[in-house]
Amino acid sequence: DTAVSQTPKYLVTQMGNDKSIKCEQNLGHDTMYWYKQDSKKFLKIMFSYNNKELIINETVPNRFSPKSPDKAHLNLHINSLELGDSAVYFCASSQVFPSGSGANVLTFGAGSRLTVL
Amino acid sequence: GDSVTQMEGPVTLSEEAFLTINCTYTATGYPSLFWYVQYPGEGLQLLLKATKADDKGSNKGFEATYRKETTSFHLEKGSVQVSDSAVYFCALSPGGNNNDMRFGAGTRLTVKP
């Protein structure tokens with residue numbers, strides 16, 4: 001059973017289109033994330049949700065809109081796609097330990113490679 | 001804000017060579033530190049972690065010690081294998097109830113037979 005699964009794995013689309021990437025985790029974690037990895041492997045956090053509530057919203061164009069229908073799902077919708085949106089998008093989840101008692105370990109999905117033509 | 005800086009790659013080694021990938025951090029509190037590994041075509045996986053100063057994380061022959069005095073968490077392995085070829089990310093989590101995780105730029109390691 002895949003712990004963090006994202007679909008689709010590959011997505012090729014034209015500039016200006018709207019697309020979504022879905023993520024589901026079966027670990028019972030409270031927190032989910034979206035990261036963007038560029039061609040140089042640089043990993044940048046985009047959003048973080050805790051129990052369906054947005055808690056991290058980095059400087060990301062408002063064409064990107066996360067949606068969390070429940071704490072096991074965090075979807076990413078992208079409007080008006082641009083060439084610069086081409087990247088691998090990773091979903092991750094974690095369970096935050098009580099203060100001072102542990103560490104926040106992320107479990108990642110396999111990634112969704114988006115190519116905008 | 002809190003951040004990590006790791007040595008730029010790529011790093012190319014022969015099998016059985018000694019590996020060091022440097023990582024230093026900047027943090028206002030008492031962060032937890034991590035190394036994640038990304039094999040080709042896959043997502044990141046936790047390699048090891050340390051939650052407080054002087055802790056040593058270890059896994060699969062890799063080690064890293066949380067050094068507060070030098071704000072470092074260098075990754076080492078005594079004898080690398082071809083199967084260790086991957087991209088390695090140093091990461092920091094501020095701790096407490098802060099869910100944030102900040103990654104370094106990644107270091108690509110290639111091990112040749």
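Determine whether A:LEU114 is in contact (Cβ under 8 Å) with a residue 24 or more places away in the chain, assigned to a loop (DSSP other than H, G, I, E, B) and either surrounded by 14 or more Cβ atoms within 10 Å (Cβ to Cβ) or on the phi < 0 side of the Ramachandran plot (or both).
Working: in contact (Cβ under 8 Å) with a residue 24 or more places away in the chain: yes; assigned to a loop (DSSP other than H, G, I, E, B): no; either surrounded by 14 or more Cβ atoms within 10 Å (Cβ to Cβ) or on the phi < 0 side of the Ramachandran plot (or both): yes.
Taking the combined requirement at face value, the residue does not satisfy it.
Taking region A:30-41 as the region of interest, how many residues are at pLDDT below 90 and either within 11 Å of another protein chain (Cβ to nearest Cβ) or surrounded by 20 or more Cβ atoms within 10 Å (Cβ to Cβ) (or both)? If you could, list the steps in order and put the result at the bottom.
Residues of region A:30-41 that are at pLDDT below 90, as a first pass: A:30-31, A:39-41.
Checking which are either within 11 Å of another protein chain (Cβ to nearest Cβ) or surrounded by 20 or more Cβ atoms within 10 Å (Cβ to Cβ) (or both) leaves us with A:30-31, A:40-41.
Selection size over region A:30-41: 4.
Looking only at residues that are away from every other protein chain (no Cβ under 11 Å) and part of a loop (DSSP other than H, G, I, E, B) in region B:25-39, which one is nearest to B:THR5 (Cα to Cα)?
If we take residues in region B:25-39 being away from every other protein chain (no Cβ under 11 Å) and part of a loop (DSSP other than H, G, I, E, B), then B:ALA27 is nearest to B:THR5 (Cα to Cα).
Scan region A:1-12 residue by residue and report those that are part of a strand (DSSP E or B) and under 27 Å from B:LEU46 (Cβ atoms). Write out each step before concluding.
Here is the first cut: in region A:1-12, the ones part of a strand (DSSP E or B) are A:4-7, A:10-12.
Hits for region A:1-12 are A:VAL4, A:SER5, A:GLN6, A:THR7, A:TYR10, A:LEU11.
For residues in region B:41-61 being away from every other protein chain (no Cβ under 11 Å) and in a loop (DSSP other than H, G, I, E, B), which is nearest to B:LEU92 (Cα to Cα)?
Among them, the one singled out is B:ALA53.
Are any of the residues in region A:58-68 within 10 Å of the chain's Cα centre (by Cα) and within 23 Å of B:TYR36 (Cβ to Cβ)?
yes
Report whether or not A:THR107 is surrounded by fewer than 22 Cβ atoms within 10 Å (Cβ to Cβ), modelled with pLDDT under 95 and part of a strand (DSSP E or B).
yes
Among the listed residues A:GLU58, A:GLU53, identify the single one that is within 23 Å of A:SER86 (Cβ to Cβ), exposed (fewer than 15 other Cβ atoms within 10 Å of the Cβ) and within 12 Å of chain B (Cβ to nearest Cβ).
Residue meeting the stated conditions: A:GLU58.
Output the residues belonging to region B:6-23 that are in a strand (DSSP E or B), over 10 Å from the mean Cα position of the chain (by Cα) and over 14 Å from B:ARG108 (Cβ atoms). Spell out the reasoning first.
Kept after step one, since they are in a strand (DSSP E or B), are these residues of region B:6-23: B:6, B:11-14, B:19-21, B:23.
Applying the additional criterion that residues be over 10 Å from the mean Cα position of the chain (by Cα) yields B:11-14, B:19.
B:SER14, the sole residue that qualifies.
From the set of residues in region B:62-113 that are crowded, with 20+ Cβ neighbours inside 10 Å, part of a loop (DSSP other than H, G, I, E, B) and hydrophobic (A, V, I, L, M, F, W, C), which is nearest to the other protein chains (Cβ to nearest Cβ)?
B:MET101
Taking region A:65-85 only, how many residues are over 16 Å from A:THR31 (Cβ atoms) and crowded, with 18+ Cβ neighbours inside 10 Å? Reasoning before the result, please.
We begin by selecting, within region A:65-85, every residue over 16 Å from A:THR31 (Cβ atoms); these are A:65, A:77-85.
Then keep just the ones that are crowded, with 18+ Cβ neighbours inside 10 Å; that gives A:78, A:81, A:85.
Residues meeting the conditions: 3.
Here are the criteria: (1) buried (at least 17 other Cβ atoms within 10 Å of the Cβ); (2) outside any strand (DSSP E or B); (3) among the hydrophobic types (A, V, I, L, M, F, W, C). Tell me which single one A:MET15 does not satisfy.
(1)
Which of (1) at pLDDT below 90; (2) under 18 Å from A:LEU106 (Cβ atoms) does A:VAL60 not meet, given it meets every other one?
Going through (1) at pLDDT below 90; (2) under 18 Å from A:LEU106 (Cβ atoms) one by one, A:VAL60 breaks only (2).
Can you tell me which residue among A:SER5, A:SER65, A:SER48, A:SER93 is within 11 Å of another protein chain (Cβ to nearest Cβ), of a type in the set (Gly, Ala, Ser) and without any contact (Cβ under 8 Å) to a residue 24 or more places away in the chain?
That would be A:SER48, the only listed residue that is within 11 Å of another protein chain (Cβ to nearest Cβ), of a type in the set (Gly, Ala, Ser) and without any contact (Cβ under 8 Å) to a residue 24 or more places away in the chain.
The values are calculated or read from the model by the stated rules, or taken from the named source; none is laboratory data. Every value quoted in this text rests on a predicted model; they were computed, and no experiment measured them. Cβ: placed from backbone, ideal geometry, glycine included. Neighbour counts: every protein chain shown.
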